[in-house]
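To start, the structure itself, in structure tokens.
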Amino acid sequence: MTESAQNLVKALNDLDTSHVSDALDRLGINGQCLGVLPLDRSFRLAGPAFTVRYVPVGTDPGTVGDYIDDLDPGTVVVLDNAGRLDVTVWGDLLTATAARRDIGGTVIDGVCRDSDRAFELGYPVYSRGRWMRTGKDRVRVDGYQVPVSIGGVRVEPGDLLLGDADGVVAVPMSRAEEVIAAAERIRDAENRIRAEVEQGTSLTEARAAAGYHTLQTRDRSGH
């Protein structure tokens, strides 16, 4: 990861998904990954995407993938299994290896298994749920480092992912600085509002003073 990318990840990790979600709305970017949630509310991840796309097997059973040993620390594994709930593409051995290699986390449009290992190691896995049935001989890798869909959001290789207790957002790398700057403004405004309310100001007055109701509104000015 370049120094510039590391700085973006660090800045993103200082935010909550709610801040980034509001910034995405303001900038007209679809980045909220519907239905993809952490196995544990304490999990958190931030980092650039390594993408894998799966399809049902045909006459060639293919493979569910051998990629984990080649990833850099901090990478977020992003697996597009088309939202399938009947077969898994992530389990015990991948979790153990990813945790050992300091991978940033895993995001799955589908389900995982062996969830106890993720809890034991504190390795962040985000998915649509958990179930034990293997994807072997049922799905296969269709492509590495290709555009994928996660919860209705297009994710390109290298895009930034942020996950917390509320879910996952994806930020296009080409607009990461813009999104982060907008999210920081929203976070700072909320902090000011909270402080004023704690001092006795009404929420209505504090919101009005901060221009809160415009912060998430789509900016059509082109700036």
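The values are calculated or read from the model by the stated rules, or taken from the named source; none is laboratory data. In this text the structure is predicted, and so the values were computed from the model without any measurement. All Cβ positions, glycine included, derive from the backbone under ideal geometry; neighbour counts span all protein chains shown.
Listed values, structure above:
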{"read-out": "Criterion: hydroxyl-bearing (Ser, Thr, Tyr) and out of contact with any strand residue (DSSP E or B) (no Cβ under 6 Å at 6 or more places or on another chain) - qualifying residue of Thr88, Thr59", "value": "Thr59"}
{"read-out": "Leading residue by the ranking (nearest to Asn30 (Cα to Cα)) among those in segment 182-220 that are among the β-branched types (Val, Ile, Thr) and touching a residue at least 40 places away in the same chain (Cβ under 8 Å)", "value": "Thr217"}
{"read-out": "Number of positions in segment 196-223 that are closer than 30 Å to Leu161 by Cα and touching a Ser or Thr at 6+ places or on another chain (Cβ under 9 Å)", "value": "1"}
{"read-out": "Qualifying residue in segment 127-140 (condition: acidic (Asp, Glu) and either farther than 30 Å from Thr95 by Cα or modelled with pLDDT of 95 or more (or both))", "value": "no"}
